[in-house]
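Here the structure comes first, spelled out in C-alpha cells, and everything after it is commentary.
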Amino acid sequence: MTCSPLAIASRFFVTSALRSASLTSGQTGGAARRESRKLPESSGNGRKERSYGEYRAELTWEALTAVSSLFQALLLLVAGGAAIYQLLEVRRASQFEATRTMVDRMLDPSFTTALMYVIDELPQRITDPTYREELTSSRGWDLAAAHHPELIVLARLEEMGIYVRNRLLLSSTLLDFGAELILESWERLVEVVALMRSSQRNPNVWENAQFLYHYTKDRRPAAEDLVSKREAK
C-alpha cells in the first residue's frame, strides 16, 4: 500500500510530539521525586535545603559518635575495675606478709618460753604478795621481762591486737593458727592486767590485747569451748 507524502509527514510529526511529551513527563516526575526527598535544613530562614542522603549521613555519624563514647566509657570502667583489683591484691599481699611475720614471732623461742610460763607458772606466782606488789607499783616498762615473762606475752598480744584492729593482717588466718593461744593466755593474764591498770590509773593499758581476746572469742567459739574443757579437766 502506497502512502502519500502528506500522510508520512503527519505520522512523523505525531511520533515526534509523543516522544517529546514522554521525555518531558519523565523529567518532571524525576524532579518531583527529588523534591519530595529533600528535607529542610532549618525552618523559615531561607537556608539551602539538604538532601535525604546528607541528612542520613549526618545521623549515621552521630550514631557512630555515640557508640564511640559508650565504648570509651566501658573501657574506662574496665580499667578502673582492673586498677581496684590490683590495689586489693597488693593490699592482700601486704597483709599476707604481715601475717607470716606475726606467726614467725609467735613461734619465736622467747615468746613460747614466756607463754609456757604464763600457762604453767603464773597462776601460782600471782598469789605471791611481793609479786603482786611489783605489778601494782610498776609503770610497766620498768619491770624486767626476765622476772615478769608475762609482759612479753602481753606485748605480743597488744601488737597483734593493733594489727587486727587496723586490718593490717589476715585476721582469719591468724586466728586459724593461734585462736586457742590468744584465748587461754589472756584469761591467765586478766589479773595481771587489772593490777597494772590500777597502778597506772589507766583503764586502757593493754586495751588492744583485750580487743584481740574479744575479737577472737566472737569469731572462734570452738576454740573457746576447747579452752573451757581443758580448764574443766
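The set of residues from segment 85-96 being under 12 Å from LEU169 (Cα atoms) and either surrounded by 12 or more Cβ atoms within 10 Å (Cβ to Cβ) or hydrophobic (A, V, I, L, M, F, W, C) (or both) comprises ARG91, ALA93, SER94, GLN95, PHE96.
Looking only at residues in segment 163-204 that are among the basic types (Lys, Arg) and under 20 Å from ARG125 (Cα atoms), the one that is surrounded by the most Cβ atoms within 10 Å (Cβ to Cβ) is ARG188. Please go through segment 92-145 and pick out each residue that is without any contact (Cβ under 8 Å) to a residue 60 or more places away in the chain and not in a helix (DSSP H, G or I). Listed by number, the residues that qualify are LEU107, ASP108, GLU121, THR127, ASP128, TRP141, ASP142, LEU143, ALA144, ALA145.
Taking the condition over 18 Å from the mean Cα position of the chain (by Cα) and assigned to a helix (DSSP H, G or I), does TYR85 pass? Show your work before the answer.
On the way: over 18 Å from the mean Cα position of the chain (by Cα): no; assigned to a helix (DSSP H, G or I): yes.
No.
A short reminder: the numbers here are calculations on the coordinates, not readings from a lab. All values derive from a computational prediction rather than experimental measurement. No Cβ is skipped: glycine too gets one built from the backbone with ideal geometry, and neighbour counts run over all protein chains shown.
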